[in-house]
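Read the structure below first, then the notes.
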2 protein chains.
Amino acid sequence: MEKNSKQRQEILDFLIESYSHPTAEEVYNEIKKRGSTASKGTVYRNLNFLSEKGIIEKISMQNGPDRYDYLKTPHNHAICVKCNTVYDFEYDFSPKKLKKAITEKTDIEEFSNYIIVQGICKKCLGK
Amino acid sequence: MEKNSKQRQEILDFLIESYSHPTAEEVYNEIKKRGSTASKGTVYRNLNFLSEKGIIEKISMQNGPDRYDYLKTPHNHAICVKCNTVYDFEYDFSPKKLKKAITEKTDIEEFSNYIIVQGICKKCLGK
DNA sequence: TTCTAAATAGGAATTATTCCTATTTTTATT
DNA sequence: AATAAAAATAGGAATAATTCCTATTTAGAA
């Protein structure tokens with residue numbers, strides 16, 4: 001049976017109050033600053049654990065380390081592939097139609113109700 | 001000025017005829033098998049080069065190495081986060097509405113017209 | 001043909017993440 | 001409150017994926 005460790009709670013608490021889609025490293029640094037005894041291995045293990053439970057979302061980036069997000073309300077992510085900023089946005093993707101398209105064309109049976117869009121943000125466009 | 005090397009062409013040629021969303025490692029092995037002199041560094045450099053030019057798409061996975069795809073026709077990707085299979089599917093995401101939602105809520109100005117959906121496929125559901 | 005920028009080969013280095021194992025903690029049970 | 005067992009941790013080693021480095025080669029313009 002699953003146990004609720006202090007470290008796991010500290011990690012989740014930080015994500016719940018964070019709006020910055022932090023990396024594992026950033027989660028580690030921040031909770032350490034607050035006095036947590038968690039090791040880096042523990043941070044990674046719990047971020048994976050919480051992702052697999054569907055409690056948080058793991059965002060795989062084109063560049064750089066993965067990022068993590070607690071979805072207070074359902075939303076999608078638009079990622080700048082230049083500066084790696086992750087923006088939140090809401091959009092109704094007509095779940096029924098989308099589900100139909102996916103189940104007709106693929107073997108994916110269960111999927112998240114958020115999507116990922118990749119692009120380039122304002123401040124990176126000129127570069 | 002940009003030069004069209006034999007190695008770059010071999011990498012692109014393989015992706016054009018491939019339907020399997022290969023990893024860099026797989027691209028490397030396959031072109032080597034066909035007699036290419038390309039080194040692994042060259043494969044990575046060119047996959048990034050071609051992605052940045054928008055000629056191919058880099059697919060960042062939740063687990064395991066990145067995958068690459070040449071988009072013969074526009075399509076989206078549904079990824080099984082258990083077995084890492086990448087499925088293609090077509091779907092009309094009402095580009096105008098989507099664009100409105102994204103530009104209103106984020107600083108993303110230019111974005112790809114494909115999306116990524118993550119889920120679990122049939123054969124992984126029971127596990 | 002010559003010149004120069006661009007690209008490569010091959011290996012070292014780095015980054016991100018997972019794995020390992022002895023120790024500690026949580027929770028259920030007494 | 002003490003005990004036991006499973007779960008989780010700490011901390012560092014190991015691995016995986018990718019980038020970086022530099023001497024050499026190549027493509028293509030002049």
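The values are calculated or read from the model by the stated rules, or taken from the named source; none is laboratory data. Everything numeric here is computed off the predicted structure, so don't read it as measured data. A quick note on method: Cβ atoms are made from the backbone with ideal geometry, for glycine too, and the neighbour counts reach across all protein chains shown.
Which of the residues that make up the stretch A:1-19 are under 18 Å from the mean Cα position of the chain (by Cα) and either small (Gly, Ala, Ser) or outside any helix (DSSP H, G or I) (or both)? If the condition is that a residue be under 18 Å from the mean Cα position of the chain (by Cα) and either small (Gly, Ala, Ser) or outside any helix (DSSP H, G or I) (or both), then A:Ser18, A:Tyr19 are the ones that fit. Scanning the stretch B:59-75 for residues that are within 16 Å of DNA strand D (Cβ to nearest atom) and either buried (at least 16 other Cβ atoms within 10 Å of the Cβ) or more than 9 Å from chain A (Cβ to nearest Cβ) (or both) yields B:Ile59, B:Ser60, B:Met61, B:Gln62, B:Gly64, B:Pro65, B:Asp66, B:Arg67, B:Tyr68, B:Asp69.
Of everything listed in (1) in a helix (DSSP H, G or I); (2) surrounded by 12 or more Cβ atoms within 10 Å (Cβ to Cβ); (3) near DNA strand C (Cβ under 7 Å from one of its atoms), the single unmet condition for B:Gly41 is (2). Looking only at the stretch A:20-29, filter to residues that are under 17 Å from the mean Cα position of the chain (by Cα) and not hydrophobic (A, V, I, L, M, F, W, C); which one of those is farthest from DNA strand C (Cβ to nearest atom)? Result: A:Ser20.
Within the span defined as the stretch A:74-89, every residue fails to be at negative phi, within 15 Å of DNA strand C (Cβ to nearest atom) and among the charged types (D, E, K, R). Among the residues making up the stretch A:44-73, those that are near DNA strand C (Cβ under 10 Å from one of its atoms) and in a loop (DSSP other than H, G, I, E, B) are A:Ser60, A:Met61, A:Asn63, A:Gly64, A:Pro65, A:Asp66.
For the stretch A:114-127, filtering for residues that are surrounded by fewer than 19 Cβ atoms within 10 Å (Cβ to Cβ), more than 7 Å from chain B (Cβ to nearest Cβ) and either under 20 Å from B:Ile59 (Cβ atoms) or without any contact (Cβ under 8 Å) to a residue 12 or more places away in the chain (or both) leaves 1. Just one of the listed residues (A:Arg67, A:Arg34, A:Arg8) is touching a residue at least 40 places away in the same chain (Cβ under 8 Å) and farther than 23 Å from B:Ser60 by Cβ, and it is A:Arg8. Looking across the stretch B:44-58, just one residue is surrounded by fewer than 18 Cβ atoms within 10 Å (Cβ to Cβ) and of a type in the set (A, V, I, L, M), and that is B:Ile55.
Looking across the stretch B:1-36, the residues that are within 13 Å of DNA strand D (Cβ to nearest atom) and of a type in the set (Asp, Glu) come down to B:Glu2, B:Glu10, B:Glu25, B:Glu26.
Quick check on B:Ala101: is it in the same structural domain as B:Leu125 (by TED's automatic domain parsing), assigned to a helix (DSSP H, G or I) and away from DNA strand C (no atom under 16 Å from the Cβ)?
yes
Taking the criterion of being more than 10 Å from DNA strand D (Cβ to nearest atom) and without any contact (Cβ under 8 Å) to a residue 12 or more places away in the chain, the residues of the stretch B:37-53 that qualify are B:Glu52, B:Lys53. Which count do you get for residues in the stretch B:76-112 that are touching a helix residue (DSSP H, G or I) at 6+ places or on another chain (Cβ under 9 Å), facing another protein chain (nearest Cβ under 9 Å) and surrounded by fewer than 17 Cβ atoms within 10 Å (Cβ to Cβ)? Matching residues across the stretch B:76-112 total 4.
Just one of (1) more than 12 Å from DNA strand C (Cβ to nearest atom); (2) within 25 Å of A:Asp88 (Cα to Cα); (3) surrounded by 12 or more Cβ atoms within 10 Å (Cβ to Cβ) fails for A:Glu17. It is (3).
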